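Q: Right, I'll just put the structure down here and ask away after.
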Amino acid sequence: MSGAVRLTLISHALTDAMAAGRFPADEPLNEIGRRQVKKAGRLDVQKGARLLAGPEQRVRETAQLLGLRAATEPRLADLRCGGWCGQTLRAVGPADLETWLTDPARAPHGGESIVDLVGRVAGWLESLTGDTAPVVAVTHPAVIRAAILHSLDAPSKSFWRIDIAPVSRTVLHFRTGRWTLRL
């Protein structure tokens with residue numbers, strides 16, 4: 001695979017906010033999440049691989065439990081939820097929630113739009129293409145969705161149609177000038 005970049009994206013494990021249907025804050029994994037990581041086991045990585053993780057506690061904890069000594073990468077941060085952080089889906093006004101779920105360019109919550117997230121992640125992905133070292137990155141389902149959309153050149157409106165399970169692994173390759181999804 002000369003000249004190719006292999007990127008493995010790992011989604012963080014379950015938190016209380018995820019289980020309760022709340023917009024996340026910077027919370028730790030819950031007991032179920034810790035068991036999910038334990039079941040997944042420590043991750044063996046290729047020698048020379050770059051190990052990265054988003055800055056939030058739940059991501060850093062997942063990486064540590066997987067046995068990864070990952071450097072923090074701010075562009076792997078979760079979708080910013082603005083004023084909705086900590087609130088349940090039911091607590092958010094239905095009109096604002098509908099707008100957010102159907103118009104990827106809007107961020108009625110004062111946070112980040114899906115279009116902005118995809119742009120941020122696309123910039124990060126492009127920064128990886130100058131080095132052929134494999135990359136393992138622990139991050140959020142939203143960041144992984146954005147990476148998939150960018151790699152497939154898919155529209156941002158497809159964001160909510162991608163389901164990323166806790167502690168799942170998604171592999172992307174960059175070669176011949178483009179990203180591809182490997183299932």
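Q: Which residues, counting only those in segment 3-27, are among the hydroxyl-bearing types (Ser, Thr, Tyr) and either open to solvent by 30 Å² or more (accessible area, probe 1.4 Å) or assigned to a strand (DSSP E or B) (or both)?
A: Of segment 3-27, the ones among the hydroxyl-bearing types (Ser, Thr, Tyr) are 8, 11, 15.
Matches in segment 3-27: 8, 11.
Q: Consider segment 76-116. How many of its residues are more than 27 Å from residue 8 (Cβ to Cβ) and acidic (Asp, Glu)?
A: Residues flagged as more than 27 Å from residue 8 (Cβ to Cβ) and acidic (Asp, Glu) within segment 76-116 amount to 3.
Q: Would you pick out the residues in segment 127-147 that are among the hydrophobic types (A, V, I, L, M, F, W, C), part of a helix (DSSP H, G or I) and farther than 18 Å from residue 4 by Cβ? Give the steps one after another, and end with the answer.
A: Initially, segment 127-147 is screened for residues among the hydrophobic types (A, V, I, L, M, F, W, C), giving 128, 133, 135-138, 142-144, 146-147.
Now drop any that are not part of a helix (DSSP H, G or I), which leaves 142-144, 146-147.
Passing the criteria: 142, 143, 144, 146.
Q: Note down all Cβ pairs under 6 Å where the first residue falls in segment 25-53 and is free of Cβ contacts under 8 Å to residues at least 60 places away in the same chain, the second is open to solvent by 60 Å² or more (accessible area, probe 1.4 Å) and not aliphatic (A, V, I, L, M), and they're at least six residues apart or on different chains.
A: Short answer, once both residue conditions are applied: 26/57; 28/57; 30/16.
Q: Here is a follow-up. Among the helices (runs of 4 or more DSSP H) contained in segment 30-126, which hold 3 or more residues that are buried (at least 16 other Cβ atoms within 10 Å of the Cβ) and under 19 Å from the mean Cα position of the chain (by Cα)?
A: Details: elements: 31-40, 57-65, 94-102.
Ranges flagged: 31-40, 57-65.
Q: Of everything in segment 151-177, what is open to solvent by 100 Å² or more (accessible area, probe 1.4 Å), within 30 Å of residue 42 (Cα to Cα) and without any contact (Cβ under 8 Å) to a residue 24 or more places away in the chain? Give them in sequence order.
A: Answer for segment 151-177, where residues must be open to solvent by 100 Å² or more (accessible area, probe 1.4 Å), within 30 Å of residue 42 (Cα to Cα) and without any contact (Cβ under 8 Å) to a residue 24 or more places away in the chain: 161, 163.
Q: Okay, moving on. Restrict the check to segment 115-137 and report whether at least one residue is without any contact (Cβ under 8 Å) to a residue 40 or more places away in the chain and touching a His at 6+ places or on another chain (Cβ under 8 Å).
A: There is at least one residue in segment 115-137 that is without any contact (Cβ under 8 Å) to a residue 40 or more places away in the chain and touching a His at 6+ places or on another chain (Cβ under 8 Å).
The values are calculated or read from the model by the stated rules, or taken from the named source; none is laboratory data. Remember, it's a predicted structure, so these values are computed and weren't measured experimentally. Don't worry about glycine lacking a Cβ; one is built from the backbone with ideal geometry, like all the others, and counts go over all protein chains shown. Areas reflect the complete protein model, heavy atoms only, side chains present, ligands, DNA and RNA absent. Shrake-Rupley method; radii C 1.70, N 1.55, O 1.52, S 1.80 Å.
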